[in-house]
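All remarks here apply to the structure that follows.
Every number here is computed from the coordinates shown, using simple stated rules; none is lab data. Since the structure is predicted, the reported quantities are computational estimates derived from the model, not experimental observations. Note that we place each Cβ from the backbone using ideal geometry, even for glycine, and neighbour counts take in every protein chain shown.
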Amino acid sequence: MNTIDFDHQSLTPSKIVCVGRNYVEHIHELGNEIPENLVLFTKPNSAISTQLYDFGEQTRFEGEICFVVIDGALAGVGFGLDLTKADIQNHLKAKGLPWERAKAFDGSAVFGRFVPFGRVEALSLKLYKHGTLVQHALYALMMYKPAQVLAEIGTFMTLNDGDIIMSGTPKGVGGFAAGDLFTYELYEGERVIVSGSFEVVASPIDTTRPPQ
């Protein structure tokens, strides 16, 4: 089972619960409709990675503020990349089929280190690609706040200790390739509470299987 680092301790998430379409400008960016209700989907433990792989030119990055859950509460925060095989997702959406092939593949949830935090409303994220700011996530811009998301998940699903909530991505998603360098800074107010980088490497995973 794959693990994450929370405050220098190893945790094993049983699953990742992701929020879709949580930033209005990102919804417009992809030409989607604003949902009437909270959109949720899941990724398995096998999706977790600390290495960012090149899955082909149709795969896009989506930087997100992520939370680790302990005792049913948001205990830690970190940075994550929700990778999406856009061509496969578009094919599946057109047929009204589930997204797992496009969203839940091995290596599709890339995480840095998680740390404790104080005020959730003070959190923000900046993601850079080769030193250029490409995404800026703010608590204030989330349609559904983390506490709302946690409560909604709890109405139908148990979150085990170590499980992760990915709170959605702001505008600025795009493609990437081997050799690209991403750096991130997660803030609480004006203070950087965790930062790091990912360099994209060639994928050892077969990405050639077509959608069904």
Using a Cα-Cα cut-off of under 19 Å, which lysines could be cross-linked to residue 145, ignoring same-chain neighbours fewer than 8 residues away? 126, 171
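Using a simple charge model, +1 on the beta-carbon of Lys and Arg, -1 on the beta-carbon of Asp and Glu, nothing else, what dipole does the chain show about its Cα centre, in debye to the nearest 20? Please list the in-between numbers first.
Numbers: 17 positive and 25 negative charges, 67 e Å.
In debye, rounded to 20, the chain gives about 320.
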Taking the chain and counting helices only, DSSP H stretches of n ≥ 4 at -39,500 (n - 2.57) each over all residues, the nearest-500 ellipticity at 222 nm comes to -3000 deg cm²/dmol
Among 118, 1, 78, pick out the residue whose Cα is farthest towards the positive end of the charge dipole of the chain, where Lys and Arg carry +1 and Asp and Glu carry -1 on C-beta, about the Cα centre. 1
Roughly how compact is the chain, stated as its Cα Rg over 2.2 N^0.38 Å to two decimals? 0.94
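Show me the trypsin sites (Lys or Arg not before Pro) within region 108-158 that DSSP assigns to loop and that have at most 10 other Cβ atoms within 10 Å of their Cβ.
On the way: sites: 113, 119, 126, 129; in loops: 113, 119.
The qualifying sites are 119.
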In whole angstrom, how far apart do the alpha carbon centroids of region 38-71 and region 77-99 sit? 10 Å
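Using a 10 Å Cβ count of at most 14 others and DSSP loop calls, identify the longest part of the chain lacking such GluC sites (Glu not before Pro). List each step's numbers first, then the result.
Working: sites that count: 33, 36, 57, 190.
Excluding the exposed sites themselves, the longest stretch runs over 58-189.
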Could I get the Rg over Rh figure for region 106-212? Both from C-alpha atoms, Rh via Kirkwood, rounded to two places. 0.99
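Out of the chymotrypsin sites (Phe, Trp or Tyr not before Pro) in region 105-176, which ones are loop residues according to DSSP with at most 12 other C-beta atoms within 10 Å?
Numbers: sites: 105, 111, 114, 117, 128, 139, 144, 156, 176; in loops: 105, 117, 144, 156, 176.
Listed in order of number, the matching sites are 156.
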Can you list residues from other chains, or at least 5 along the same chain, whose modelled amide H is less than 5 Å from the amide H of residue 163? 14, 69
